[in-house]
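Student: Structure incoming, see below.
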Amino acid sequence: MNTAAGLKDRLHYKETFNCVQCGYCLPVCPTYETMKSEVHSPRGRINLVKMLAEDKIKAEDLREPIEKCLGCRACETACPTSVQYGKILEGAKEVLENAEQKSRTQKISESLIFDQIFPSKRWMNTIGNLSWFYQKSGMQKMAQRTGITQFAPLHLGKFETVLPNLPSPWSRQNRASVFEASGSRKVTVGFITGCVMDAIFYETNRNTIDLLTKAGADVLIPQNQTCCGALHAHAGKIKDAKSLAKRNIEAFEKEKVDFIVNNAGGCGATLLEYGELFKGDEEWETRAKNFSSKIRDISQVLTELDSLSFTKEVNGMITFQPSCHMINVQKVKEEPISLLKQVKSRGYREMKDKERCCGSAGIYNIVNYDDSMEILDSKMKNAKNTNASIIVTSNPGCLLQMKLGIQREGLEKSVRAVHLVDLLVEAGAVSKSLFY
Amino acid sequence: MELLMEEISRIIPSGQIFTSLADRYSYSYDASFGSYLPEMVIQVKNKEEISSLLKLANTFNIPVYPRGQGTSLSGGPLPVNGGIVLDMSQWNGDLNIYPDDLVAVVSPGVLTATINEEAEKFGLMYPPDPSSAHVSTIGGNLAENSGGPRGLKYGVTKDYVIGLEVVTPEGEIIKTGGKTIKNVTGYDLTKLIVGSEGTLGIITEATLKLVPKPPATKTMMAVFDDLVQSGKAISKILTSGILPAKMEIMDQFSIIAVENYQPLGLPIDAEAILLIELDGHPLAIEEEMRKIEEIFTEFESVRVKIAKDQDEAKSYWRARKLVSPAIVKIKPTKVSEDATVPRSKIPDMFQKLKEIREKYDVHLVVFGHAGDGNLHPNIICDKRDTEEMIRVEKAVEEIFKAAVELGGTLSGEHGIGTLKAPFMEMELGAAGLDMMKRIKQIWDPNNILNPGKIFPEEGQKLVLRE
């Protein structure tokens, strides 16, 4: 294969022709709204990818527009001709990733993040444990008081203050890998614990299992599962993403389950697209498609089983900030809201433009901090207008970002952000069968 | 160029000037055909900036192309001779409704749909509804005189403009019309500017007429086994004393494409589907709908469904909305035309289109605004296939000829731009076109404003290949 044709393939040049440049993606693109120029719109980016494939521009001309993309894929939902923007974006990222002359330190730190930390359960547990130690030992308070975290590189300090309280290492290790349904079993599900969810939002995972078993599901947790590879794929590290995907597919193939459940919108989307990841790979494409066909968000399974009642009143008005990949890729829109409406509260109020990305977007808010905060600020304006005191999300990144938004607005006393699953447990979820 | 750059940076804040290759390529296209690289892109946000810039461009002889959000289907904003693209889309902050005067005053970058949304808060409506209204700017709509489905009952953009503020190609700021419905003071320059495709001036403010929002709507779907019958039904309804707000048609090829794309249970053996929307007082449209149903009983082989509620109405319109995504699944390139014929000639036009489809062996799909004769013949093709594109070019040429021969026009709502320029003389005659050219020369003696549009170059032909 000559290199020009190879480049066209990797950039999904053919797919760019499906864009008729109608511009229907412009009004839904968060970066077009805040950055106010066509290079930061989906239509602009697709055109630039095409221009690179035709050798009219250089890879470096494409870098900024691609790096500033959130990858929320709201454009795919708006697109009247079903252009697969996600595919074009990941292709461009891969090409840019390979074109880049990286410094030695950058290579080492990236390899640490992508190759070591995200796929490793031990590492993730350690992060969780360290965070727990950090919070409980009083170091957090001291650091916050002295303002040390503000000077941390990449604004990590800002995120550190919004981390949830973590369970002790003792309860973390104690989890068995099968949880039986309370009452009669309706389905058997596998649970993807997710690396970030499991490390930092361990409590949410425990609540997920709790809800599933109460709703009548046997829950299996294969121990060999690993990171879904979303961050790798979004960063253009397709090879790494594939090897992680293979491990997950193998881990769940061994179990007999009706569904494979996850509680993180971003991971769910990636798991659902494993088939696409292995396109053309005869053996793995079929296995991946089988795997993906079982992927469900927790809200889908709870809605389908319809076996929970909510017994406790939650104090406050609720609004919902959906995860982009949950609505634009998984196409799960109504289920979380219908669950929230079952909760006894002061009511559910919809946020204007709720489908718009909050600016979290994987590690976007860390690497493009200022751009992300501009997007967050416009999101918070809409959140405030609902007068809700509980902002519910369905993805760990969004949850941290909303917590950060609440802090930026100085609303910590009156508003809180919470994962859907945690709110459902707080609302006193019990099996309906106990009543009937 | 360097000297010019220095002058420009004196009048425009640096954050509004884009010169990188990526930026320039990002304003090189619209939703039609062709890509032309401008030297720079400038975002403007007030009339003084535009006035100074045009004076400069006029002195240095630099072409300037106003652009909204680039949704044009005729090449309106394409920088065909290089120069400066003026991005007007970020000048979107001014939208004031004066409910007692029933007018809206807007800046050029405001989205068309936003005007209607704001008007609705006062129980009013801005009727023009191009399908891209949620993306397109009012400036672009004014320049192209855009229409939409509601054109049948309410007319098009030009019917709602009563006043403009315009910067001329020589940099003068003028006002045309005013805030009153009646106004016969001097020539009607407002109507001249609207639809002039950005060749006579840059619109910096518009005063738009609003109408009371009809309290209710009702939707009907009629399925015809015979296309000619559907044409007759359209005429019959329009002469019965009822004026629907919308009357859209889908031909058999559109129906099949939609069913293949997303099965909605449409009858694929039917030759046409008509969608009719009535608006007005709930009791009145109830009565009108009954009357239309009665009219349909005179026709054979037609099945009629009336939507019980808004949800059902939405599901009917969904079929029409899905035509565009459905047809590009067949092949990626969509050549979307808007040749328009007198309403009575709709059946003849359908016959002509059928002949053209067979003669050039092209994938021709027809849908659109049947009630006002504004059909959208769309040819689905692949622009990488040169042999096919040559056939498409010939077919398009023949569609134009057919429309003009039937007493119609090249363009009902998309504009002439670059694509239809070669056919102008066919419709207007040499003298008619020359009068237009003379107007352009008086307004823009150095031909700096949106050159290459409307008027054909010597020997210019339609080219859809890249």
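The values are calculated or read from the model by the stated rules, or taken from the named source; none is laboratory data. Just so it is clear, the structure is predicted and the values come from calculations on it, not from any experiment. Neighbour counts are summed over all protein chains in view; Cβ atoms, including those assigned to glycine, are modelled from backbone coordinates with ideal geometry.
Student: List every residue pair whose Cβ atoms sit under 6 Å apart, with the two residues 6 or more apart in sequence or on different chains, where the first one lies in the stretch B:413-432 and is surrounded by 15 or more Cβ atoms within 10 Å (Cβ to Cβ) and the second, anywhere, is among the charged types (D, E, K, R).
Tutor: Correct list of pairs: B:GLU413/B:ASP338; B:HIS414/B:ASP338; B:GLY415/B:GLU144; B:GLY415/B:GLU197; B:GLY417/B:LYS453; B:PRO422/B:LYS461.
Student: Here's something else I'd like to know. Among the numbered criteria (1) part of a loop (DSSP other than H, G, I, E, B); (2) without any contact (Cβ under 8 Å) to a residue 60 or more places away in the chain; (3) under 23 Å from B:GLU466 (Cα atoms), which one does A:CYS69 miss?
Tutor: Condition (3) is where A:CYS69 drops out.
Student: Here's something else I'd like to know. Filter the stretch B:321-338 down to the residues that are modelled with pLDDT of 90 or more and away from chain A (no Cβ under 11 Å), then identify the one that is surrounded by the fewest Cβ atoms within 10 Å (Cβ to Cβ).
Tutor: B:ASP338
Student: Considering each residue of the stretch A:272-319, count those that are surrounded by 23 or more Cβ atoms within 10 Å (Cβ to Cβ), within 20 Å of A:GLU350 (Cα to Cα) and either hydrophobic (A, V, I, L, M, F, W, C) or in contact with a Gly (Cβ under 7 Å, 6 or more places away or on another chain) (or both), and give that number.
Tutor: Adding up the residues that qualify gives 1.
A quick yes/no check of all residues on (1) touching a residue at least 60 places away in the same chain (Cβ under 8 Å); (2) away from every other protein chain (no Cβ under 14 Å); (3) of a type in the set (Asp, Glu):
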| residue | (1), (2), (3) |
| --- | --- |
| B:LEU37 | no, no, no |
| B:VAL44 | no, no, no |
| B:SER51 | yes, yes, no |
| B:LYS55 | yes, yes, no |
| B:PHE60 | no, yes, no |
| B:PRO66 | yes, yes, no |
| B:GLY70 | no, no, no |
| B:LEU73 | yes, no, no |
| B:ALA113 | no, no, no |
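Student: Which one is surrounded by the most Cβ atoms within 10 Å (Cβ to Cβ), of the residues in the stretch B:93-111 that are among the β-branched types (Val, Ile, Thr) and away from chain A (no Cβ under 14 Å)?
Tutor: B:VAL106
Student: Ok, one more. From the list B:VAL167, B:VAL110, which residue is in contact with a helix residue (DSSP H, G or I) (Cβ under 6 Å, 6 or more places away or on another chain) and under 25 Å from B:ASP338 (Cβ atoms)?
Tutor: Among B:VAL167, B:VAL110, only B:VAL110 is in contact with a helix residue (DSSP H, G or I) (Cβ under 6 Å, 6 or more places away or on another chain) and under 25 Å from B:ASP338 (Cβ atoms).
Student: Against the conditions (1) under 23 Å from the mean Cα position of the chain (by Cα); (2) crowded, with 16+ Cβ neighbours inside 10 Å; (3) of a type outside the set (Val, Ile, Thr), where does B:ASP444 fall short? Just the number, please.
Tutor: B:ASP444 satisfies all of (1) under 23 Å from the mean Cα position of the chain (by Cα); (2) crowded, with 16+ Cβ neighbours inside 10 Å; (3) of a type outside the set (Val, Ile, Thr) except (1).
Student: Next up: Quick check on this structure: which one of A:GLY280, A:GLY275 is at pLDDT below 95, of a type outside the set (S, T, N, Q) and over 25 Å from the mean Cα position of the chain (by Cα)?
Tutor: A:GLY280
Student: How many of the residues making up the stretch B:293-348 are basic (Lys, Arg) and touching a helix residue (DSSP H, G or I) at 6+ places or on another chain (Cβ under 7 Å)?
Tutor: Residues that pass the stated criteria total 3.
Student: Filter the stretch A:188-219 down to the residues that are farther than 30 Å from A:TYR85 by Cα and among the aromatic types (Phe, Trp, Tyr), then identify the one that is surrounded by the fewest Cβ atoms within 10 Å (Cβ to Cβ).
Tutor: Filtering the stretch A:188-219 for residues that are farther than 30 Å from A:TYR85 by Cα and among the aromatic types (Phe, Trp, Tyr), the one surrounded by the fewest Cβ atoms within 10 Å (Cβ to Cβ) comes out as A:TYR202.
Student: Looking at A:CYS79, is it modelled with pLDDT of 95 or more and either facing chain B (nearest Cβ under 8 Å) or under 24 Å from B:SER336 (Cα atoms) (or both)?
Tutor: no
Student: Moving on. Only residues that are outside any strand (DSSP E or B) and surrounded by fewer than 18 Cβ atoms within 10 Å (Cβ to Cβ): list them for the stretch A:412-436, please.
Tutor: Across the stretch A:412-436, the qualifying residues are A:GLU412, A:LYS413, A:SER414, A:GLU426, A:GLY428, A:LYS432, A:SER433, A:LEU434, A:PHE435, A:TYR436.
Student: Can you name the condition, by its number, that A:LEU62 falls short on among (1) part of a loop (DSSP other than H, G, I, E, B); (2) within 12 Å of another protein chain (Cβ to nearest Cβ); (3) of a type in the set (A, V, I, L, M)?
Tutor: (1)
Student: Name the residue that is modelled with the highest pLDDT, counting only residues in the stretch A:367-388 that are β-branched (Val, Ile, Thr) and closer than 22 Å to A:LYS68 by Cβ.
Tutor: A:ILE375
Listed here are the residues, each with its yes/no results for (1) among the hydrophobic types (A, V, I, L, M, F, W, C); (2) closer than 27 Å to B:LEU54 by Cα; (3) at pLDDT below 95; (4) in the same structural domain as B:VAL166 (by TED's automatic domain parsing).
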{"site": "B:MET424", "(1), (2), (3), (4)": "yes, no, no, no"}
{"site": "B:GLU427", "(1), (2), (3), (4)": "no, no, no, no"}
{"site": "B:ASP444", "(1), (2), (3), (4)": "no, yes, no, no"}
{"site": "B:GLY452", "(1), (2), (3), (4)": "no, yes, no, no"}
{"site": "B:GLY459", "(1), (2), (3), (4)": "no, no, yes, no"}
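Student: Additional query: Any idea how many residues of the stretch B:133-150 are assigned to a helix (DSSP H, G or I) and not hydrophobic (A, V, I, L, M, F, W, C)?
Tutor: Result for the stretch B:133-150: 4.
Student: Where in the stretch A:313-411 are the helices (runs of 4 or more DSSP H), entirely inside, with at least 1 residues that are farther than 26 Å from A:ASN205 by Cα and touching a residue at least 60 places away in the same chain (Cβ under 8 Å)?
Tutor: Output list reads A:364-367, A:369-385.
Student: I'm checking my understanding of the structure. Among residues of the stretch A:220-245 that are of a type outside the set (Gly, Ala, Ser), in contact (Cβ under 8 Å) with a residue 40 or more places away in the chain and not in a helix (DSSP H, G or I), which one is surrounded by the fewest Cβ atoms within 10 Å (Cβ to Cβ)?
Tutor: In this case the residue turns out to be A:GLN223.
Student: Within the stretch B:132-142, identify whether any single residue is more than 14 Å from chain A (Cβ to nearest Cβ), touching a strand residue (DSSP E or B) at 6+ places or on another chain (Cβ under 8 Å) and farther than 30 Å from B:THR19 by Cα, and answer yes or no.
Tutor: no
Student: Give B:GLU298, B:GLU287 a once-over and let me know the one that is without any contact (Cβ under 8 Å) to a residue 40 or more places away in the chain and more than 14 Å from B:THR219 (Cβ to Cβ).
Tutor: B:GLU287
Student: Under the condition of being assigned to a helix (DSSP H, G or I) and of a type in the set (Lys, Arg), which residue from the stretch B:364-412 is nearest to B:MET424 (Cα to Cα)?
Tutor: Selected residue: B:LYS401.
Student: Specify which of the listed residues (B:LYS191, B:LYS153) is of a type in the set (D, E, K, R), in the same structural domain as B:THR19 (by TED's automatic domain parsing), assigned to a helix (DSSP H, G or I) and buried (at least 18 other Cβ atoms within 10 Å of the Cβ).
Tutor: Result of the check over B:LYS191, B:LYS153: B:LYS153.
Student: If you check B:LEU3 against the conditions, is it over 30 Å from B:ILE181 (Cβ atoms), buried (at least 23 other Cβ atoms within 10 Å of the Cβ), more than 14 Å from chain A (Cβ to nearest Cβ) and more than 23 Å from the chain's Cα centre (by Cα)?
Tutor: It is false that B:LEU3 is over 30 Å from B:ILE181 (Cβ atoms), buried (at least 23 other Cβ atoms within 10 Å of the Cβ), more than 14 Å from chain A (Cβ to nearest Cβ) and more than 23 Å from the chain's Cα centre (by Cα).
Student: Further question: Based on this model, can you work out whether B:ARG318 counts as in a helix (DSSP H, G or I) and without any contact (Cβ under 8 Å) to a residue 40 or more places away in the chain?
Tutor: no
Student: Scan the stretch B:350-357 and give yes if some residue there is closer than 24 Å to B:ARG384 by Cβ and assigned to a helix (DSSP H, G or I), otherwise no.
Tutor: yes
Student: Looking only at the stretch B:364-396, count every residue that is over 21 Å from B:ILE327 (Cβ atoms) and under 20 Å from the mean Cα position of the chain (by Cα) and tell me the total.
Tutor: Residues meeting the conditions: 3.
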